[in-house]
Amino acid sequence: MSSKFELPKLSRRSLLKATALAGVSQVASPFVVSSWAADTVKIGLDNPLTGTYAALGKNELIGAQLAIEQMNAKGGILGRKAELLVEDSTSGDAGTAVQKARKLVDRDQVNFLLGNVNSALAQAIANVAYEKKVLHVVPGGHTDSVTGSNCHWNVFRVCNTTRMETNSISKLLFEKFGKKWYFITPDYAFGHTLQLGFEASLKQFGGTKVGGDLTPLGTTDFSSYLIKAQAANPDVIIFLHAGDDMINALKQAVQFGLDKKFHLAGAQQELEALVGLPPEARIGNWVFEWYWNQPNTPHVKEFVADIRKKSGGHVPTARTWFGFASTWTCALAAENAKSLDAVKMAKALQGFKLPPEVALMPKGAFFREGDNQLMPTLFVGHAQSKGKDDPEDLFVVDQEVDGATAALPVAETGCKMAWPA
């Protein structure tokens, strides 16, 4: 991973107490700055700070920190100071993630849970939150079940479902690059559901899966998988990884010269991976869930400037926005419910539209009633080797897709939400 996205120096467990900062961006809300109440409102972030997804977790943390600073500058949550408590879930250990979630709820008595980057860990944390009846916002774990077959009344998700991602780009790949696809897929929930989404599209369009491989999380040598993909002679090789795994897979694919023979593409791509790749490997068509270069979208310029101040001059990534929007969702839920009661807050978020200062995207974003899934804008485009005006402008947006159009209807997600009596 590029040193540009080094982790901050944090202990495995740290308490981050945000202070009111002058000059932070304005966020529309009914908050009134006043003297703090005696107690605080605690938001627990259970996310990777080590391992394959460390850089992604770090950027979600930066976004969450900015949100805490902004809300405290405007009076906190229900007149009480907001605090962010951070636990390192690791990148792939569900047992550790669950242990940290229980610690945050039982020992630290947080009012909200945030996490996780890893889809399997996000689902495990969601089950704890449901047991404990704590409002849980998933910033960046994509597997469909979180707001689908294993949905919960108190669990909301900011990032897209994997089906939203595949639906937004499948037709383009099929029509422009060919109908024979080979999959190289990470062997856990996120990868599995992404591939299922693409396979559903192939079936719909009359395409063919010519092969595929499941790769362990943290794979460093992709040579055997790439050799098999080449032998299958596909039109498109679909890469479904994230973090360091995406960097290693694409870098080695280019070293093998596969980009000269086949089209390389996928669904989710992230700026962290593109920055970590050599210029020649910044290729292919992908989906970004949020992108920082939106010159005509209100408030984005201010958000980028605020994040640059916190990140050594680097632009925000989709992960930064995930952390920012998820943390603000907690405050907005409380303010709209006028309560920290989890049921009242969850009811207040049904159909709730994020304010423009938080949504930071051209078509806005709202939490869909029935499955608690955010309906945002998806940015479909292609990677570029070098930014024209900024070295971190490594993606060209070719199409903006409405999340509600890309998503399956609630009735087809498998979500059967049961509310407390």
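Quick look at the numbers
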| quantity | calculated |
| --- | --- |
| Within the stretch 370-421, tally of residues that are in a helix (DSSP H, G or I) and not aliphatic (A, V, I, L, M) | 4 |
| Long-range neighbours under 6 Å by Cβ, at least six apart or interchain, first residue in contact (Cβ under 8 Å) with a residue 24 or more places away in the chain within the stretch 168-190, second open to solvent by 70 Å² or more (accessible area, probe 1.4 Å) and hydrophobic (A, V, I, L, M, F, W, C) | THR185/LEU214; ASP187/LEU214 |
| Some residue of the stretch 362-374 being touching an Asp or Glu at 6+ places or on another chain (Cβ under 9 Å) and more than 15 Å from VAL158 (Cβ to Cβ) | yes |
| Filtered residue count, the stretch 298-310, keeping only those that are open to solvent by less than 20 Å² (accessible area, probe 1.4 Å) and not charged (D, E, K, R) | 4 |
| Flag if PHE379 is over 18 Å from PHE303 (Cβ atoms) and within 20 Å of the chain's Cα centre (by Cα) | no |
| Which listed residue is under 30 Å from ALA229 (Cα atoms) and at pLDDT 95 or above, from PHE156, PHE177 | PHE177 |
| Flag for SER91 being assigned to a loop (DSSP other than H, G, I, E, B) and out of contact with any Phe, Trp or Tyr (no Cβ under 9 Å at 6 or more places or on another chain) | no |
| Complete set of residues in the stretch 317-348 that are aliphatic (A, V, I, L, M) and crowded, with 21+ Cβ neighbours inside 10 Å | ALA318, ALA325, ALA331, LEU332, ALA333, ALA334, ALA342, MET345, ALA346 |
| Test: LEU56 is open to solvent by less than 10 Å² (accessible area, probe 1.4 Å) and within 17 Å of the chain's Cα centre (by Cα) | yes |
| Residue among ALA64, ALA101, ALA73, ALA97 that is of a type in the set (A, V, I, L, M) and either under 17 Å from GLU335 (Cα atoms) or open to solvent by 10 Å² or more (accessible area, probe 1.4 Å) (or both) | ALA73 |
| Within the stretch 334-369, tally of residues that are under 19 Å from VAL138 (Cα atoms) and assigned to a helix (DSSP H, G or I) | 10 |
| Residue within the stretch 236-253 that is open to solvent by 40 Å² or more (accessible area, probe 1.4 Å) and over 24 Å from SER91 (Cα atoms) present | no |
| Which numbered condition TYR188 fails, given (1) modelled with pLDDT of 95 or more; (2) under 23 Å from the mean Cα position of the chain (by Cα) | (1) |
| Residue tally, condition open to solvent by 10 Å² or more (accessible area, probe 1.4 Å) and either assigned to a loop (DSSP other than H, G, I, E, B) or not assigned by the TED database to the domain that holds ASN372 (or both), over the stretch 135-150 | 2 |
| Residue in the stretch 214-230 that is touching a residue at least 60 places away in the same chain (Cβ under 8 Å) and within 25 Å of VAL397 (Cβ to Cβ) present | no |
| One residue from LEU114, LEU84 being open to solvent by less than 10 Å² (accessible area, probe 1.4 Å), in contact (Cβ under 8 Å) with a residue 12 or more places away in the chain and more than 30 Å from TRP286 (Cβ to Cβ) | LEU84 |
| Test: residue in the stretch 182-194 that is over 24 Å from GLY57 (Cβ atoms), in contact with a Pro (Cβ under 8 Å, 6 or more places away or on another chain) and not assigned by the TED database to the domain that holds MET345 | yes |
| Flag for ALA124 being free of Cβ contacts under 8 Å to residues at least 60 places away in the same chain, open to solvent by 10 Å² or more (accessible area, probe 1.4 Å), closer than 15 Å to GLY44 by Cβ and not in a loop (DSSP other than H, G, I, E, B) | yes |
| Selected residue [among the charged types (D, E, K, R), in contact (Cβ under 8 Å) with a residue 12 or more places away in the chain and buried (at least 20 other Cβ atoms within 10 Å of the Cβ)] from GLU289, GLU280 | GLU289 |
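The values are calculated or read from the model by the stated rules, or taken from the named source; none is laboratory data. If you're wondering where the values come from, they're calculated on a predicted model, not measured in any experiment. Glycine gets a Cβ as well: all are built from the backbone with ideal geometry, and neighbour counts include every protein chain shown. Protein only, heavy atoms only, side chains kept; ligands, DNA and RNA dropped before computing areas. Shrake-Rupley method; radii C 1.70, N 1.55, O 1.52, S 1.80 Å.
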